[in-house]
Amino acid sequence: GNQRATHSENSQGKKSQHAEEAIFYMNCRAAYLTVLKSSLENIKSKEQLSLVLQQAGRNPSQKTINKYWTSQTTSLNFDDFCAILKKEKPATRNELLEAFGKIDTDKDGYILHDELCKILTTRGDKMTWEEVASITEQADFNCNGKLDYNKFCELYLSTSEQCCKAARARLETDPRLRQQHFGNQTGNFPEGITLPVSKPSSPRVSRKTDHKLAKGASRAPSRPSSAQSSKASTSTTVTVGATSSRSTKLIIEPDTMKDWQWAQSKGCFYLEEDGEIISHKYRLHLPQRSAVCVTIKPFTIPQAGGKSCRWSSVDTALFILKESESQENLQLVSFTELQNEEMFGWRGELGAGLYWLLPFTTGCRLRKVKTQIPGEAKLLWRDEDGELALTKEFQAALLDIFETIDLDGNGLLSLEEYNFFELRTSGEKCDQEAWAVCKENFEMKKNELTRQGFLDLNLMEANDQDGDPWDLWVTLLSLGYNKALEMTEACPFVIATCAERCKPRIKAISLEAGGSQLSRAVCSSVLSKGEAKVLDGSENIFIHTHRTGSRITSVIDNKSENKVIIHVNNEQSKNCLNNRGLTVFAVEVAPKSMMVSQHVMALNEQEEWIYSCVHSLV
């Protein structure tokens, strides 16, 4: 009886989970078809992406749009759209009220129009005066020169709900639309599940959204039981001795390379709120064919008391892609699989032309970690004359930031370098006119900003806000700092290229997520170098495993005509950590596609570690 009851509860739980998933995808479809005519049509522009997200009850900022529509994006399909919706949750009433509460100095539920206008036109996605006026002129939630933000939140949420409801109603009344197929997701739902037709908005599906590692591979269900029944499985075991993962394989001999010509650039990995990692991307130009050496390693900034940098143990890699006539078809040339301590490198010969250098880290060590902060660091203080000044701790952090964003390492910030900083912290660029104003007010040399000029610029920002450190904290948090002024969610790095027969040139092009190009490069590198095992009992599904220095990567290659769910069990592994943060999980792989199952590293490199993983077809 107890077993039957447990089985019944499990069955009901699975049905509930399937029903939630079905509702989520129905709402996704409804929003998608409000903007696009067909399930086979892709989103073709930033404007379309913004519009379809709004139809799904979201209110994306320009920074959010830029995160998903990068310089390498040409289109997004329905699966991409669903993955975005899982990451970008709709704002809740409590979240909205909390945001308004931070600027409601009187705590009376009202904000003066002048104060609201100042904030909306100077912070974040800056609005125009006309756009702000369109809000303050609404009689429903404004009176006596004040905004009643409780009423505003009610109207905002109800409007968002009405958008979702209208989109869903249109879908429900058109059977042709309901039967359309969207990428991996079809209009067919599990047997015995009845879909409610009047639910206005999608629920929070209890699934951990996977980083989009391959086109069409978009979901990683939450941790299932390790006792699931499986149709087919295969196991892989790799034992790595203590410290051998950092063995010296990359040998750069000064005698043989002393006459080679060098080029280098700094950059940084930044951890986003949703766990995604973005970084600088580079273009390499070689005037002629040459023997080449390419390296990447964490960039060390001297720390107080001789402490080591928190990010020094973060793994790094570079993928070298050859540029063709169409940037959409970058070809993987090679990647930095040789290791010497924290440095990874590649040596070989490259022909003349343009190449892309895409930095990569697995996310095993650069990840969200909850830590107790004893107290918020003080950024500003006033001297005896009442003048604002930067604290020593804040100055030290700013100088470290300067070292990180000074990509060419010349001790000065060019407009181009400064704009990477601006894009990361505010989402906007500084134009030539604004740069000229900076030149008039802050110390510069050769039209580039000095360290002192950078410090003075931040002090001016503090004065503009009358000592309110809010904007300064926005800057620090976006650059990976916590409230104790420790860089915990970023990893600066330096890449270097030397060539025997010509002068290489490296230029940072963008600061964004790796995207599909990097995803394909990672998968292709594992398929070309790794060990392949067919999933026992299934001739069309392969597990590829490759060890590169201090990490192991496994890729699932689904050659079948159907999507598959693969259960991944690491319970027999020892002294390991992976990028997913789960010992047991499952991933869904689209038909005729491949995706990364996981990246694994040693928890403690001073001890032996064993990677033992079972992949099973559910």
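Matching residues to (1) more than 19 Å from residue 274 (Cα to Cα); (2) buried (at least 21 other Cβ atoms within 10 Å of the Cβ); (3) hydroxyl-bearing (Ser, Thr, Tyr); (4) at pLDDT 90 or above:
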residue: 5; (1), (2), (3), (4): yes, no, no, no
residue: 13; (1), (2), (3), (4): yes, no, no, no
residue: 45; (1), (2), (3), (4): yes, no, yes, yes
residue: 62; (1), (2), (3), (4): no, no, no, no
residue: 68; (1), (2), (3), (4): no, yes, yes, yes
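Output the residues belonging to region 574-618 that are β-branched (Val, Ile, Thr) and open to solvent by 50 Å² or more (accessible area, probe 1.4 Å). Scanning region 574-618 gives 583, 614, 618.
If you go through region 386-396 and pick out every residue that is surrounded by 12 or more Cβ atoms within 10 Å (Cβ to Cβ) and part of a loop (DSSP other than H, G, I, E, B), you end up with 1. Which residues, counting only those in region 558-573, are closer than 20 Å to residue 547 by Cβ, open to solvent by 20 Å² or more (accessible area, probe 1.4 Å) and part of a strand (DSSP E or B)? Matches in region 558-573: 569 only. Residue count for region 542-552 satisfying the condition of being surrounded by 22 or more Cβ atoms within 10 Å (Cβ to Cβ) and more than 25 Å from the chain's Cα centre (by Cα): 1. The one condition from (1) without any contact (Cβ under 8 Å) to a residue 12 or more places away in the chain; (2) open to solvent by less than 50 Å² (accessible area, probe 1.4 Å); (3) on the phi > 0 side of the Ramachandran plot that residue 466 does not meet is (2). Quick check on region 290-311. Is at least one of its residues open to solvent by 10 Å² or more (accessible area, probe 1.4 Å), closer than 30 Å to residue 84 by Cβ and at pLDDT 90 or above? Looking for residues that are open to solvent by 10 Å² or more (accessible area, probe 1.4 Å), closer than 30 Å to residue 84 by Cβ and at pLDDT 90 or above, one finds none in region 290-311, hence no.
Comparison of 509, 495 shows that the only residue that is in contact with a strand residue (DSSP E or B) (Cβ under 6 Å, 6 or more places away or on another chain), open to solvent by 10 Å² or more (accessible area, probe 1.4 Å), closer than 30 Å to residue 347 by Cα and not in a helix (DSSP H, G or I) is 509.
Residue pairs whose Cβ atoms lie under 6 Å apart, sitting 6 or more positions apart in sequence or on different chains, and linking a residue in region 144-169 that is under 29 Å from residue 23 (Cβ atoms) and touching a residue at least 40 places away in the same chain (Cβ under 8 Å) to a partner that is of a type in the set (S, T, N, Q) and crowded, with 16+ Cβ neighbours inside 10 Å, are 161/201; 163/55; 164/201; 167/34; 167/55.
Take the conditions at pLDDT below 85, hydroxyl-bearing (Ser, Thr, Tyr) and buried (at least 16 other Cβ atoms within 10 Å of the Cβ) and apply them to residue 121. Does it pass? Taking the combined requirement at face value, the residue does not satisfy it. Among the residues making up region 493-546, those that are closer than 30 Å to residue 238 by Cα and acidic (Asp, Glu) are 531, 536, 539.
Out of 519, 478, one residue alone is crowded, with 16+ Cβ neighbours inside 10 Å and out of contact with any strand residue (DSSP E or B) (no Cβ under 7 Å at 6 or more places or on another chain). It is 478.
Checking each residue in region 42-74 for being more than 24 Å from residue 283 (Cα to Cα), touching a strand residue (DSSP E or B) at 6+ places or on another chain (Cβ under 9 Å) and in a loop (DSSP other than H, G, I, E, B) picks out 42, 44.
Scanning region 98-140 for residues that are in contact (Cβ under 8 Å) with a residue 40 or more places away in the chain and either part of a loop (DSSP other than H, G, I, E, B) or assigned by the TED database to the domain that holds residue 423 (or both) yields a count of 6. Hey, any hits in region 426-434 for a residue that's touching a residue at least 24 places away in the same chain (Cβ under 8 Å) and either open to solvent by less than 40 Å² (accessible area, probe 1.4 Å) or small (Gly, Ala, Ser) (or both)? Checked against the condition, which is being touching a residue at least 24 places away in the same chain (Cβ under 8 Å) and either open to solvent by less than 40 Å² (accessible area, probe 1.4 Å) or small (Gly, Ala, Ser) (or both), region 426-434 yields at least one hit. Considering every residue within region 372-385, establish whether at least one is of a type in the set (Lys, Arg) and not in a strand (DSSP E or B). Scanning region 372-385 turns up at least one residue that is of a type in the set (Lys, Arg) and not in a strand (DSSP E or B).
A single member of 148, 104, 80 is closer than 26 Å to residue 45 by Cβ and surrounded by 14 or more Cβ atoms within 10 Å (Cβ to Cβ), and it is 80. Residue 35 meets each of the listed conditions (1) among the β-branched types (Val, Ile, Thr); (2) open to solvent by less than 30 Å² (accessible area, probe 1.4 Å); (3) at pLDDT 85 or above apart from (2).
The values are calculated or read from the model by the stated rules, or taken from the named source; none is laboratory data. Computed from a predicted structure; not experimentally measured. Cβ: placed from backbone, ideal geometry, glycine included. Neighbour counts: every protein chain shown. With ligands, DNA and RNA removed, areas are computed over all heavy atoms of the protein, side chains included. Shrake-Rupley method; radii C 1.70, N 1.55, O 1.52, S 1.80 Å.
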